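Let me give you the structure first, and then I'll get to my questions.
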Amino acid sequence: MGWRMKSRKRLDYKAIFLGLPVAAIIAQDRIIMDCNGAALNLFRARRRDVVLQPFSVLYPDLDEFEAAGRRMEPSLIGGVPQDDNRIMRRLDGSHFWVRVRGHAFNPAVPHEMTAWLFSEITEDRDAKKTAISLTQRERDVAALLVDKLTSKQIAIALGISPKTVDIHRGSLLKKYSAASTAELIGMLRA
């Protein structure tokens, strides 16, 4: 008569959370309370480097951390899961594109307790569905522009010519309708 469970074992939710194949972080008042192994791998971190630390350790800078909090709050208050693509920072200092999905457990106090899932866009099969579709090389250049590297420095880092970097920068400026590289960097961080 179908499958029967011989003995009911109590689920170990902590072990399940830690072993999830998707990067997950639990935060309280924007302090990282726990994260799983996939999150540690994604952010190139050790548990002691992120747990009980402000979420700002994973953002390019403090201004972006504050701006992201303000942007996310209306959706979280409305009880709508937050879904966003943005540049974040690994603990080794490198920046990368990530898809973020967040949920507030108390919409009346949105940052009180939240859960966040992360997937690197370069690994995400749905990357082509982003609002502004970027090529892989444009994402690479954009992530290094956020670090305020010159075309020559970006070229060395990516193994391409400075002229090719400038072509990708021009494409990014056009796609984001930005008048300058500084404006583009601001949009990339938003």
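Of I25, P54, Q153, which is farthest along the charge dipole of the chain in the positive direction, counting Lys and Arg as +1 and Asp and Glu as -1 at C-beta?
So the residue we want is I25.
Using alpha carbons only, how many degrees (0 to 90, rounded to 10) separate the axis of helix 62-77 from the longest principal axis of the chain?
For helix 62-77, the angle is close to 50 degrees.
Still on this structure, I have one more. When the Cα atoms of the chain are enclosed in a convex hull and the volume is divided per residue, what value in Å³ results? Show your work: numbers first, answer last.
Values: hull volume 31.1 nm³, N = 190.
Output value, Cα hull per residue: 164 Å³.
For the pair N41 and Q136, how long in nm is the line joining their label points, each one 7 Å along Cα→Cβ?
Result: 1.9 nm between the two label points.
Using helices alone, I'd like the mean residue ellipticity at 222 nm for the chain: each DSSP H run of four-plus residues gives -39500 (n - 2.57), total over residue count, nearest 500.
Numbers: 8 runs with 76 residues, N = 190.
Estimated from H runs of four or more residues: -11500 deg cm²/dmol.
Find the lysine pairs in the chain meeting two conditions, Cα atoms under 29 Å apart and a separation of 8 or more places or different chains, and report how many there are.
Within the chain, the lysine pair count is 18.
Determine the share of the chain's accessible area contributed by carbon and sulfur atoms, expressed in whole percent, with a 1.4 angstrom probe. Write out the running numbers ahead of the final one.
Details: 6190 of 10960 Å².
Exposed carbon and sulfur together represent 57 percent of the surface.
Largest first, please: the extent of the C-alpha atoms of the range 6-119 along each principal axis, to the nearest Å.
54, 35, 22
Further question: For a quick check: with amide H placed at 1.01 Å from N, whose amide H comes under 5 Å from Y59's, ignoring anything fewer than 5 positions away on the same chain?
Correct list: R89.
The values are calculated or read from the model by the stated rules, or taken from the named source; none is laboratory data. Just so we're clear, the structure is a prediction, and the values are computed from it rather than from any experiment. So basically every Cβ, Gly included, is an ideal-geometry build from the backbone, and we count neighbours across all protein chains shown. All accessible areas refer to the heavy atoms of the entire protein, side chains included, with ligands and DNA or RNA removed. Shrake-Rupley method; radii C 1.70, N 1.55, O 1.52, S 1.80 Å.
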